[in-house]
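To start, the structure itself, in C-alpha cells.
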Amino acid sequence: MALAKSTKRQTRGVVTDRLASAFIAGFLALSLVNPGHILPAASAQARHTAIQTDWPVYGGQSADDRYSALHQIDRTNVHKLKVAWTFDTKEPGGLQTNPLIVGRVLFGFTPTQKVIALDAATGKNLWTFSTGTPGLQPTRGLSYRTDGTQSILFAGLLSNLYAINPATGKLISSFGDGGKIDLRKDLNEKDVTQSFAALTTPGLIYKDMIIVGFRAPETEPALHGDIRAYDVHTGKLRWIFHTIPLPGEPGYETWPKDAWKVTGSANNWAGMALDEKRGIVYVPTGSAVNDFYGFDRIGDDLYANTLLALDANTGQRLWHFQGVHHDIWDRDFPSPPSLVTVRSHGKQVDAIAQTTKQGYLFLFDRTTGKPLFPIEEKPFPASTAPGEKASPTQPVPSIPAPYARQLLTADVLTTRTPEAHAWAAEQFKTFISNGIFVPFSVDKQTVVFPGFDGGAEWGGSAVDIKTGVIYINANDIVWTGGLTENKPGGSLGANVYQSQCSICHGGDRKGNPPAFPSLIDEQKRLSDAQITEIIHNGKGRMPSFPNVEAARLTAVLEYLKTGDIAGSATPTPKSVNRNEIAGAKIYDKNCAICHGDDLLGAPSNYPGLLGVRLRLTDQQILANIHNGKGRMPSFQKLTDADTASLLHFLGDSASPMVESAVTSNNSSKKEVESALTPPGGLAKYRFTGYRKFLDPDGYPAVQPPWGTLNAIDLNTGKYLWKIPLGNYPELAAKGLANTGSENYGGPIVTAGGIVFIAATNFDHTIRAFDSRTGTLLWQGDLPYAGNATPATYMIDGRQYVVIATSNARNPKGPQGAAYVAFALP
C-alpha cells in the first residue's frame, strides 16, 4: 500500500517522477443498462463527441470542465427560459449539491443528507434513502458507476461511503460492511471513533475503483488526509497515497521527524479531476493542522497545499506542484482542477488549470507538470510569532493577473456612506496590511485579501473546451486574522473551547455572523442535547467533533452557559443535564457507585478516573471493563457502542508534539517548549477566529466589486472580460446596484454560448451570460440562494438547467431548500 519510491528532479515548484512507459490507452467500454432509465458513464472526450445529454459525473464529466455540448438553449432564446419544475425538500439547512442526471433520473441530496432520486423531467420523487441519522455536513455531489451489468450510486454521508442501487434506493450489501465503508479507517489511526471525516465532495470513478478524499477538522486532532482508492464491488482498499509521507517516502524530509505520527490533514476536500485516457487523477490538497500556527510542522510540508498527479491505477505520484509552502493562512486548493487543451508556443497541449483562494490561476502540461505560464518563487516576510518559521518564498504566477484584489489600502475602503467610510478608516489603522502571505502576528489583526473563502472556492470553474476559455467566479472581500496566547489556568470548558471552537466563533464567543454565529446565550436558544448533537455530528460548515468526549463536553456546555474562564478544572458541572449525554448515563448507571459521579473515586479502595486515558490505553481500559479487575466486576453486557460512549466520557489523550517539533529546522527543545502551554501538546498561541471586515451595517467595508465573474483565455493568459456578480437587493433598491456579492457555487458553460451561474448569497437569482462578452442575457428568480453549481441535460428533446437552492448562508432570509429546473416553453 505504501507509495512507490520516485526520482525527484528539483526541490521546489513542479516535481515529477519518471513517468510510466505507457499510460492506460482507450476508453472504458461500457454498455447500456436499463435502456431509457440509466445510461453508462463514458470518457469525457467521447461524451462530448457524441453530444452528451446527461450529467453523470460531479461537474459534468471526470475532466471537471463543467462543459456541456447541448445547444438547444442558446444566445438567441435563453431569455425565454421558464421554470419547468420545482422539488421542495421541505427541510431547512444548506444544499450545495451539483446533482447527477443519468437517463431520466436526477440524483441528489437533501439538507439532512437524505439521498433522493427524482424524475428529471417532472421533479417527481422516485425514492429516498436515509441512514436514519440526520447529517448536516455539506454534500456537493454523488458518484455513479456502471459496467453494463451492475449500476452503483455512491453517496458520502457523515464518515461513511454508501453503495446504493440507483434503481431502488436500497443498499448494495456486498459492498464493504453491509453496503458502506468507514472513511476514517485505513489511515494509521488508533481510534477512529474519536475522529472526523466527511465526503463533502464526491469521489471519482476509474475502472472498477472509486478514488476519494475527505473533509477533516482545521484543528488537532485530525486524520491524515491520505488519498485512497476502493474496489467498487467489495469496498476493499486498492491503493493509498500518503499526503503526510512516512519514513522513506519522498517528501518525508519536508516535515519534522516522525511528523506523520502527530500531524493531520493535508487532505483533499475540494474534489479531483481525471484524465481517463492517460489514467491520471489530479488531486488538490489543503493545509496541514493547525492551520495558522505551524510551530510543530516547520518545513515545506509536502504534500499539503499541493496539486498531485497520481497514477490512477496504483496511486503512484507522477508529478506534483505545491502552491503554498508551510501554509499558515488556510490557503487550501479550494476547487477541483479543470482539464483543457490549449495552444502554447504554437502547439496544442493537453493542460490542467488550478484555481486558488488567493486569486492565482496556475496552468500546467498535464502529462509532465511543466508550467505553461512562468511561475516565480518570490520572497515574503518572516513570522514574528515565537516558534513559527514561515517559508521565505512562495510561488507566484506571472500570467494571468490575479482575478481578485490582494492588497488593502486606504483608497480601497468603502465609500458607501460617510459614516461607513469613517468607521472603516479607523479600523484600517489597527490592521497589518502588506498584501498576501504575511504571517499572522500576536495580538494584532492582519488583513487577508481575498479572504479565507477566496478568491475561488469549492464551486470550481468552467472551461469551454472549444475555445480554451475558463470562467471563474470569485469573492473579493477582506477578512482578518491573528494569533493570541493560550493562557493556562482557565477552566476546562474554557480551554476546550479555545482549542477547538474559537477558530471560528472567536475567543469572545461573538463569532462573525452570519458565517460564524455568536455563541453568547446559545443555551437560551438550544438545549444541551441539541448542542451536543451539533458538536458530535457537525452542522453546515462546522465539522463534527467526536473527539470531544462527554467529560469535556459537559465542561464546554457549562462554559457556554456562564462564560466562566476561571472555573473549576474538574469536568463535572452540576448544571449540565447528564441524562442527555450517552457516556454519562452509562457511567452513572455502572461506574459512579464506586468511582463517584465526579470521577474522583475513593482512593485507595476505588481509584479516580479523571485523566484515566492519559494513564492507560483504550485496550487496557476495555479489558478491565470486559474482564473486571480486583474488586471491579466485569461488564460484558455493555455493547461496543456503550463502551465507545463511555470512553468518550472518560477523556482523551494529549498529542506528543514536542519531540516532533524539536527536529524542525534545528529548533531546540527550549524553543519548542516556549511555544507550548502546559499540559504539553497545547500550542502557546491560537488563532483569534475568522473575521470578515464588514461595516456596522453588515456590508463589506471595501469598495465594490465584492464578487466577480471572470473569463480568461488560457491560450494567452489574457482576460476577455470581468464583471461584478450579484447584488444586495436592499442596496440595489436604493440605487447601489451591480456591486457583486459573496458567492458560493460555480458556473457551467454550454455549446450554446451560455455561461449559467447562480452562486450569489443574497439576490436569489440564476443568471445566463454570453460566454464571449459577459453580457447578461437572462436571469431567473429562485426561492432561495443558489449556492451550488448548476447541471444541464436533455430528456425527450428538451434541454433543462437545474440548480439546488437553500439559504443557510443567509439566516436572515427565508429558510428552506429546493431544486429548480428551467427549460424553454
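Remarks
- Strands (runs of 3 or more DSSP E) fully within segment 422-485 counting 2 or more residues that are in the same structural domain as Glu377 (by TED's automatic domain parsing) and closer than 20 Å to Pro400 by Cα: 462-464, 469-475
Condition check ((1) closer than 15 Å to Phe822 by Cβ; (2) buried (at least 21 other Cβ atoms within 10 Å of the Cβ)) across all residues:
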position	(1), (2)
Lys734	no, no
Gly740	no, yes
Val755	yes, yes
Thr760	no, yes
His764	yes, no
Arg772	no, no
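- Residue ID - surrounded by the fewest Cβ atoms within 10 Å (Cβ to Cβ), chosen from residues in segment 530-561 that are hydroxyl-bearing (Ser, Thr, Tyr) and at pLDDT 70 or above: Thr532
- Residues of segment 382-405 that are outside any strand (DSSP E or B) and surrounded by fewer than 16 Cβ atoms within 10 Å (Cβ to Cβ): Ala382, Thr384, Pro386, Pro392, Ser398, Ile399, Ala401.
- Residue match in segment 197-217 (condition: in a loop (DSSP other than H, G, I, E, B), of a type outside the set (A, V, I, L, M) and in contact with a Pro (Cβ under 7 Å, 6 or more places away or on another chain)): yes
- Flag if Tyr699 is in contact with a Phe, Trp or Tyr (Cβ under 6 Å, 6 or more places away or on another chain), in contact (Cβ under 8 Å) with a residue 12 or more places away in the chain and under 25 Å from Trp329 (Cβ atoms): no
- For segment 436-448, a tally of residues being without any contact (Cβ under 8 Å) to a residue 60 or more places away in the chain and surrounded by 13 or more Cβ atoms within 10 Å (Cβ to Cβ) returns 4.
- Single condition Thr314 does not satisfy, out of (1) out of contact with any Lys or Arg (no Cβ under 7 Å at 6 or more places or on another chain); (2) over 27 Å from Asp208 (Cα atoms): (2)
- Count of residues meeting criterion [at pLDDT 95 or above and not in a loop (DSSP other than H, G, I, E, B)] in segment 39-64: 1
- The C-beta contact set for segment 161-181 (first residue among the charged types (D, E, K, R), second residue buried (at least 18 other Cβ atoms within 10 Å of the Cβ), distance under 8 angstrom, 6+ apart or interchain) comprises Lys170/Phe129; Lys170/Ile164; Asp177/Gly235; Lys180/Asn160; Lys180/Leu161; Lys180/Tyr162; Lys180/Ala163; Lys180/Gly235.
- Any hit, segment 599-616, residues being in contact with a helix residue (DSSP H, G or I) (Cβ under 7 Å, 6 or more places away or on another chain) and at pLDDT 80 or above: no
- Close pairs from segment 393-405: first outside the structural domain of Ala711 (by TED's automatic domain parsing), partner of a type in the set (Lys, Arg) and in a loop (DSSP other than H, G, I, E, B), Cβ under 8 Å, at least 6 apart: Thr393/Arg12; Pro395/Arg12
- Qualifying residue in segment 239-256 (condition: crowded, with 23+ Cβ neighbours inside 10 Å, on the phi > 0 side of the Ramachandran plot and over 18 Å from the mean Cα position of the chain (by Cα)): yes
- Filtered residues of segment 453-482 (kept if surrounded by fewer than 24 Cβ atoms within 10 Å (Cβ to Cβ) and among the polar types (S, T, N, Q)): Thr467
- Single residue of segment 140-166 satisfying the filter (of a type in the set (Val, Ile, Thr) and farther than 17 Å from Ser130 by Cα) that is modelled with the highest pLDDT: Thr146
- Taking segment 695-803 as the region of interest, the strands (runs of 3 or more DSSP E) fully inside it that hold 3 or more residues being among the β-branched types (Val, Ile, Thr) are 748-750, 754-757.
- The criterion of at least 2 residues that are of a type in the set (S, T, N, Q) and over 24 Å from Asp64 (Cβ atoms) is met by the following strands (runs of 3 or more DSSP E) wholly inside segment 75-154: 125-129.
- Boolean, Asp88 is closer than 21 Å to Tyr819 by Cα, of a type in the set (Asp, Glu) and surrounded by 23 or more Cβ atoms within 10 Å (Cβ to Cβ): no
- Evaluated against (1) touching a residue at least 12 places away in the same chain (Cβ under 8 Å); (2) farther than 24 Å from Ala121 by Cα, Thr775 falls short on exactly one condition, (1).
The values are calculated or read from the model by the stated rules, or taken from the named source; none is laboratory data. Just so you know, these numbers come straight off a predicted model, no measurement behind them. Cβ: placed from backbone, ideal geometry, glycine included. Neighbour counts: every protein chain shown.
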